[in-house]
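K.L.:
Quick one: the structure is below, and I'll ask about it shortly.
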Amino acid sequence: MDTTELDRTSLENILEPVQADLEELVAISSPSGDRTGAEAALAVCARRLPAGVSLERIPCSSPDHAPDMLARIAGAGSSRILLLGHVDTVVGHPDHRPVEREGDVWRGSGTVDMKGGVALSLGVASWLSEHRHLFGELSVLLVVDEEWRLQPFSHPLRFEGYDACLCFEAGERTSAGAEGVVVQRKAAGTVQVSAHGRAAHAGSHPDAGINALLAVAEAARVAAALHDPAGSEQLSVVPARISSGEAMNVVPAEGQLTVDVRARDDSAFARVLDAIPRAYNGARLDVELLRSWPGMDSRAATAVLLEAASARLGRQIVGVARGGASDASHFAASIPLTIDGLGPRGGHAHSPEEYILRSSLRERLQVAIAICEALTV
């Protein structure tokens, strides 16, 4: 069955449960680290998986989280395919929004990042289970800690030797109208700076103190001066959060700065760490790389596959670059055919206005199935 035949026959039968799954998943508030929300979301996914699936709960990379979920389906072909997603969001319980329909726009927490993508991956798994000649083994990995993970990702070794990794973060269209899938991502890191000074009365003895706020402010200034996304390293350095002080009349003794760093390669992060001073006006500065995710570049490895998938789909599928981090980057080194951005189109991720375009569910489902078909060519 090619995608043209799919349009005429079974697409609506796949789309209906995809839309229902999306609404049910988004109705659940599942901020990263919340066990109850994670369990509820994964229970929805487990119910939607095809019959005969081998289901396993495996330890999450982050401590004190619910276990991740791994489903395996045996096929009659030879390819080993991994479908990848996450059910956690950055939105806390007080700000959670279920799906609100505004015509083609469906708003809600996690719609585009990435419960819409998870719903699509379940639809693809359902379709593949009916076409088992296309694969030898299909795995669906759903994790619960993608948004805030600081620990090393523990799962890539489990899937060494797989032929393809398909991840369902948000999709897009190019400026020319082609279907965009992500084949290149920057490395992503989080730098934390902690300043230690000395408290003093701000009125009576201000010079007896050592101001930690000024120290983290200086660290932010130094780090931001390295920002050069157009340079050879494509390095972006963005001070993202700063905190210091507990009273309005006390010289602050402690301060903390968080800096988001992105680059073509994670080796560039060392330059940021080295540039930040370890002391400023008597305050001690401790600098730590809290998180470092690798970059991803599967442009060359996926070019032929995307060309074949485009021919099956009848419209162009183009590999694009994106700056945001994704778990797909962890697999790209060992699974050259790693393609991300297969989820629905939408926008405003991590905000109250987050949304997907309902019409894109059909189009992105066609894209993912065309790629799965092309894997066997």
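FYI, it's all coordinate maths here, none of it is from the lab. Values in this document were obtained by computation on a predicted structure and should not be read as measured data. Here the Cβ is made from the backbone with ideal geometry for all residues, glycine too, and neighbour counts use every protein chain on show.
K.L.:
Count the net charge of all other residues whose Cβ sits under 12 Å from the Cβ of residue 24, scoring Lys and Arg as +1 and Asp and Glu as -1.
P.N.:
+1
K.L.:
Can you give me the long-range amide H partners of residue 254? Hydrogens built in the peptide plane at 1.01 Å from N, cutoff under 5 Å, separation of 5 or more residues or another chain.
P.N.:
197, 212, 245
K.L.:
While we're here: Take the Cα gyration tensor of region 187-293, multiply each eigenvalue by 5, square-root it, and list the three semi-axes largest first, rounded to whole angstrom.
P.N.:
Largest first, region 187-293 gives 30, 11, 10 Å.
K.L.:
On a 0 to 90 degree scale, rounded to 10, what angle separates helix 35-48 from the longest Cα axis of the chain?
P.N.:
Its long axis makes an angle of about 10 degrees.
K.L.:
With axes computed from alpha carbons, what is the tilt in degrees of helix 116-129 against the longest principal axis of the chain, rounded to the nearest 10 within 0 to 90?
P.N.:
Relative to the chain, helix 116-129 is tipped by roughly 30 degrees.
K.L.:
While we're looking at this one, here's another question. Return the sequence-ordered ³J(HN,Hα) values of region 249-265 in whole Hz as given by the Karplus equation 6.51 cos²θ - 1.76 cosθ + 1.60 applied to θ = phi - 60°, using x for Gly and Pro.
P.N.:
10, 10, 5, x, 8, 10, x, 9, 10, 10, 10, 8, 10, 9, 7, 4, 9
K.L.:
With everything on Cα atoms, drop me the angle between helix 358-374 and the longest principal axis of the chain, reported from 0 to 90° to the nearest 10.
P.N.:
70
K.L.:
Could you work out the local net charge near residue 297, counting Lys and Arg as +1, Asp and Glu as -1, over the other residues with Cβ closer than 15 Å to its Cβ?
P.N.:
That works out to +2.
K.L.:
Can you give the three extents of the C-alpha atoms in the chain along their principal axes, from longest to shortest, in whole Å?
P.N.:
Here the spans come out as 80, 42, 38 Å, largest first.
K.L.:
May I ask for the Rg/Rh ratio of region 261-312, computed from Cα atoms with Rh as the Kirkwood radius, given to two decimals?
P.N.:
Expressed as Rg/Rh, it is 1.35.
K.L.:
Would you mind computing, in nm to one decimal, how far apart the modelled labels at residue 274 and residue 173 are, each placed 7 Å from Cα along Cα→Cβ?
P.N.:
The two pseudo-label positions are separated by 4.6 nm.
K.L.:
First select every other residue whose beta carbon is under 11 angstrom from the beta carbon of residue 161; then total the charges, Lys and Arg +1, Asp and Glu -1.
P.N.:
Residues near residue 161 contribute -1 overall.
K.L.:
Pairs of Cα atoms under 8 Å, at least six residues apart: use those to get the relative contact order of the chain, whole percent.
P.N.:
Once divided by the residue count of the chain, the mean separation gives 22 percent.
K.L.:
PRE reach from residue 192 (point 7 Å along Cα→Cβ): which of region 61-92 fall under 17 Å by backbone N?
P.N.:
Residues passing the 17 Å test: 62-65.
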